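The values are calculated or read from the model by the stated rules, or taken from the named source; none is laboratory data. Being a predicted model, the structure only gives us computed values, none of them experimental. Cβ sites come from the backbone with ideal geometry, for glycine too, and all protein chains shown count toward neighbours. In case anyone asks, the SASA skips ligands and DNA or RNA and just uses the protein heavy atoms, side chains included. Shrake-Rupley method; radii C 1.70, N 1.55, O 1.52, S 1.80 Å.
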Amino acid sequence: MFRWSRLPRSLLTAAAVLLAAGATLFSGLWMYAVRHEQAPVEIGYEPKSPPVGHCQPILSVYPDSPAQRAGLRPDDCILSVNGLGVATTDVLNQAWWDAHPGDPVELTVERPGLTGTLVIHAFFRARLFTSEEGLARSSLSQVLRSYPVSFLLVGMTVLFLRRDDANAWLLALMFCAFIAAAPQPVSYALSPPLRAYLLAFRATFQGLIGALFYIFFGVFPASSPLERR
């Protein structure tokens with residue numbers, strides 16, 4: 001009969017390090033992305049979401065903003081950014097994340113009542129962050145944005161203390177699945193390879209969470225004193 005404890009300890013240690021490194025990387029990327037869901041630049045308009053067909057409608061334009069000075073108006077519809085179409089928000093988001101304050105941006109727009117299109121030239125400015133959160137709400141927000149930490153610390157501590165115990169591995173894997181179950185943040189602040197890793201880890205463990213949850217509570221670790229009584 002196969003026993004987990006018969007595996008070479010060096011192999012178990014290497015596997016534990018690999019799992020811990022993967023989960024730690026995912027947790028760090030997730031916490032960074034969830035704290036950077038807004039691009040650091042803007043031109044000063046509020047879009048309607050999501051894009052309609054092939055364009056992004058404008059809900060409002062902020063007073064004295066680069067968008068207003070460039071001639072953008074409410075109800076305009078952005079067709080392209082720097083020559084790239086905006087059938088999805090990915091093009092807009094990536095253009096904003098790749099820009100710096102003072103960089104130019106070219107918008108091709110449709111305007112109600114006019115035939116043809118307009119080309120509007122604006123400049124990015126640093127995003128004006130405003131927060132009306134109180135201390136309690138801000139503190140709660142920071143706790144929620146650190147969601148993976150407790151699962152990571154408990155799961156990996158138990159794993160390294162008892163890495164020759166199959167139940168410790170089961171606990172660590174289930175906690176990795178709990179970490180991966182966190183809502184997917186907007187991740188344009190990350191490079192494409194890191195974004196791909198974030199999605200791959202999440203997809204892998206979300207696919208396993210049902211099976212891990214069932215196996216964990218089906219076999220771990222033994223009947224409690226209350227159950228035996």
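Taken over the stretch 69-88, the criterion of being polar (S, T, N, Q) and crowded, with 16+ Cβ neighbours inside 10 Å is satisfied by S80 alone. Inclusion of Q142 among residues that are surrounded by fewer than 13 Cβ atoms within 10 Å (Cβ to Cβ), modelled with pLDDT under 90 and of a type outside the set (K, R) is warranted.
Looking across F160, F175, one residue alone is modelled with pLDDT of 90 or more and open to solvent by 70 Å² or more (accessible area, probe 1.4 Å). It is F160.
Restricting attention to the stretch 185-203, the residues being within 17 Å of R35 (Cβ to Cβ), hydroxyl-bearing (S, T, Y) and surrounded by 15 or more Cβ atoms within 10 Å (Cβ to Cβ) number 2. Considering the stretch 204-218, the residues that are open to solvent by 70 Å² or more (accessible area, probe 1.4 Å) and modelled with pLDDT of 85 or more include one that is farthest from V34 (Cα to Cα), namely L208.
Candidates in the stretch 66-107 are the residues that are out of contact with any helix residue (DSSP H, G or I) (no Cβ under 9 Å at 6 or more places or on another chain) and among the β-branched types (V, I, T); of these, the one that is modelled with the highest pLDDT is V91. All conditions but one from (1) open to solvent by less than 20 Å² (accessible area, probe 1.4 Å); (2) polar (S, T, N, Q); (3) in a helix (DSSP H, G or I) apply to Q94; the one that does not is (1). The set of residues in the stretch 108-139 being outside any loop (DSSP other than H, G, I, E, B) and at pLDDT 85 or above consists of T108, V109, E110, L118, V119, I120, H121, A122, F123, R125, A126.
Out of (1) open to solvent by 80 Å² or more (accessible area, probe 1.4 Å); (2) in contact with a Pro (Cβ under 7 Å, 6 or more places away or on another chain); (3) outside any loop (DSSP other than H, G, I, E, B), what's the single condition that is false for W30? Failed condition: (1). Selection within the stretch 33-68: residues that are in contact (Cβ under 8 Å) with a residue 40 or more places away in the chain and of a type in the set (S, T, Y). The member of this set that is most open to solvent (accessible area, probe 1.4 Å) is S49.
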